[in-house]
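Undergrad: The structure that follows is given in the form of structure tokens.
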Amino acid sequence: MADPSRARILHLLAIADDLCVCDMALVLGMSVSALSHQLRFLRERGVVTRNKVGRMAYYRLDDDHIRRLVLDAAAHAAEAVA
């Protein structure tokens, strides 16, 4: 999560299950290439998993522990602003 782009990707996946790269790129305002690079980094570290259906790749957080960590961090950051 050291990179702001990766933090945004993880937060998006924490609030929505199984998203394809195209949809994530649209929501995050990133190019598909840049997003794919970040997703590969996260996948290699066991943070996200990929499910390929034909040519489409769908990503999700690897487990619920990561989801809770991301959501707790976002809630903590929101408290600090308020």
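The values are calculated or read from the model by the stated rules, or taken from the named source; none is laboratory data. Not measured: the values here are computed from a predicted model. Don't worry about glycine lacking a Cβ; one is built from the backbone with ideal geometry, like all the others, and counts go over all protein chains shown. Please note that ligands, DNA and RNA were not included when accessible areas were found on the heavy atoms of the full protein model with its side chains. Shrake-Rupley method; radii C 1.70, N 1.55, O 1.52, S 1.80 Å.
Undergrad: Can VAL27 be described as open to solvent by 60 Å² or more (accessible area, probe 1.4 Å) and out of contact with any Gly (no Cβ under 8 Å at 6 or more places or on another chain)?
TA: yes
Undergrad: All but one of (1) open to solvent by 80 Å² or more (accessible area, probe 1.4 Å); (2) in contact (Cβ under 8 Å) with a residue 12 or more places away in the chain hold for HIS37, so report the exception by its number.
TA: Unmet condition: (2).
Undergrad: Sticking with this structure for a sec: Go through ALA2, ALA34, ALA14, ALA25 for me and flag whichever is at pLDDT below 95 and not β-branched (Val, Ile, Thr).
TA: ALA2 is the lone residue from the list that is at pLDDT below 95 and not β-branched (Val, Ile, Thr).
Undergrad: Here is a further query. Inside segment 44-69, can you point out the residues that are under 14 Å from LEU19 (Cβ atoms), surrounded by 10 or more Cβ atoms within 10 Å (Cβ to Cβ) and either among the β-branched types (Val, Ile, Thr) or free of Cβ contacts under 8 Å to residues at least 12 places away in the same chain (or both)?
TA: Hits for segment 44-69 are VAL48, THR49, ARG50.
Undergrad: If you don't mind, there's one more thing I want to ask. Name the single residue that is nearest to ALA73 (Cα to Cα) among those in segment 8-24 being part of a helix (DSSP H, G or I) and either open to solvent by 30 Å² or more (accessible area, probe 1.4 Å) or touching a residue at least 60 places away in the same chain (Cβ under 8 Å) (or both).
TA: So, considering only residues that are part of a helix (DSSP H, G or I) and either open to solvent by 30 Å² or more (accessible area, probe 1.4 Å) or touching a residue at least 60 places away in the same chain (Cβ under 8 Å) (or both), the one nearest to ALA73 (Cα to Cα) is HIS11.
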